[in-house]
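Heads up, the thing below is written out as structure tokens.
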């Protein structure tokens, strides 16, 4: 019998390039302890653990989740490692949700850590996601692939680099209020446009940083929520979709997508809407924490998630539609992935930031009156996509146990 699933507590570190005062297992332990304290729980109250861990090439230690088992109080419990690239954190929350929803566990700890700056060149690691026989020799990389997508998007819809820069300005300004954000500050459109060119039209400020840190979340069934949380965030809908490994296969007439109209995100988000009973996202959702490692990603995801029609998100950006105060939708009050990208837990942080908005625990970045929030994450050059809906009440008709 299906069980209602709720977020009971969460914790995230302050993110920065290097973490020099803690080891990897200490990062994970601090996050786990933070989530336990936030939920008023102890390790004895947890039935299982899901470890959010992306490529260990960044860390240089194989199977670091096993190294951390004792430190996160997982010995004697089932533990699962999840890895779907940038979508890892979102996939980890979905795995925990499934354990609770199915009745296999009453409550589950989701925890992970990242030390991406341990490697001198993260791009060399990220480029391993591409097919070694055809795609790497192009040379295709995450930056060059996203530059191709950005170029196609701007051209198709008659948009400019200045439109992308405007997204960066809003994100950095939002991050000013977020004590955990890596990049923050008042930047101008001119400063974004004048930052170093990486892969045209993407400049340094159009691209997320390499962030290190840790995060954790505890989810549980309704009985656990009644015991430990006065205002939980209910997970009312989840969905994940996976695409083919080869990029070229996605761009054929029989494929699902092209460089601009990336339907995988729309499929995942729409399925999570269906499961959550969301019929009109523009009216029913107040906050969206979208996975946006590049400045143009936020706009494409807003369109794919049904908040506006194709090609209009950046035009609406000019009118302040995505501001936290007075806009049509509060988009990435945290500053988003564009300001903080600890790959192993980026998707988990998106979920934490969405859930805490619903729980009225978002602190300085809290948006007023949030009843429903969306969190997305993507990984593997868009090969994996996850989408989760958090609500202040269980979906109507959902089980009451």
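The values are calculated or read from the model by the stated rules, or taken from the named source; none is laboratory data. Given the structure is predicted, the values throughout are model-derived calculations rather than measurements. Note that we place each Cβ from the backbone using ideal geometry, even for glycine, and neighbour counts take in every protein chain shown.
Condition first: under 30 Å from residue 272 (Cα atoms) and free of Cβ contacts under 8 Å to residues at least 40 places away in the same chain. Now tell me which residues in region 48-73 satisfy that.
The answer is 56, 65.
Taking the stated definitions as given, is residue 284 more than 19 Å from residue 377 (Cα to Cα), modelled with pLDDT of 95 or more and touching a strand residue (DSSP E or B) at 6+ places or on another chain (Cβ under 6 Å)?
yes
If only residues of region 223-250 that are surrounded by 20 or more Cβ atoms within 10 Å (Cβ to Cβ) and more than 20 Å from the chain's Cα centre (by Cα) are counted, the one that is nearest to residue 39 (Cα to Cα) is 229. Total residues in region 151-177 satisfying the condition of being over 12 Å from residue 311 (Cα atoms) and either modelled with pLDDT under 95 or more than 22 Å from the chain's Cα centre (by Cα) (or both): the figure is 3. Suppose the filter is under 17 Å from the mean Cα position of the chain (by Cα) and either crowded, with 16+ Cβ neighbours inside 10 Å or in contact (Cβ under 8 Å) with a residue 40 or more places away in the chain (or both); does residue 113 pass it? Here the answer is yes, as residue 113 does meet what is asked.
When residue 112 is tested against (1) within 25 Å of residue 268 (Cβ to Cβ); (2) in a loop (DSSP other than H, G, I, E, B), exactly one condition is not met: (2). If you check 320, 363 for being surrounded by fewer than 24 Cβ atoms within 10 Å (Cβ to Cβ), touching a residue at least 60 places away in the same chain (Cβ under 8 Å) and over 30 Å from residue 64 (Cα atoms), only one passes: 363. Figure legend. Inter-residue proximity from region 238-251: first residues over 15 Å from residue 86 (Cα atoms), second residues exposed (fewer than 15 other Cβ atoms within 10 Å of the Cβ) and modelled with pLDDT of 80 or more, beta-carbon distance below 9 Å, spacing 6+ or different chains. Indicated pairs: 239/274; 250/244.
Within region 81-108, the residues that satisfy the criterion of being closer than 17 Å to residue 349 by Cβ and assigned to a loop (DSSP other than H, G, I, E, B) are 83, 85, 87.
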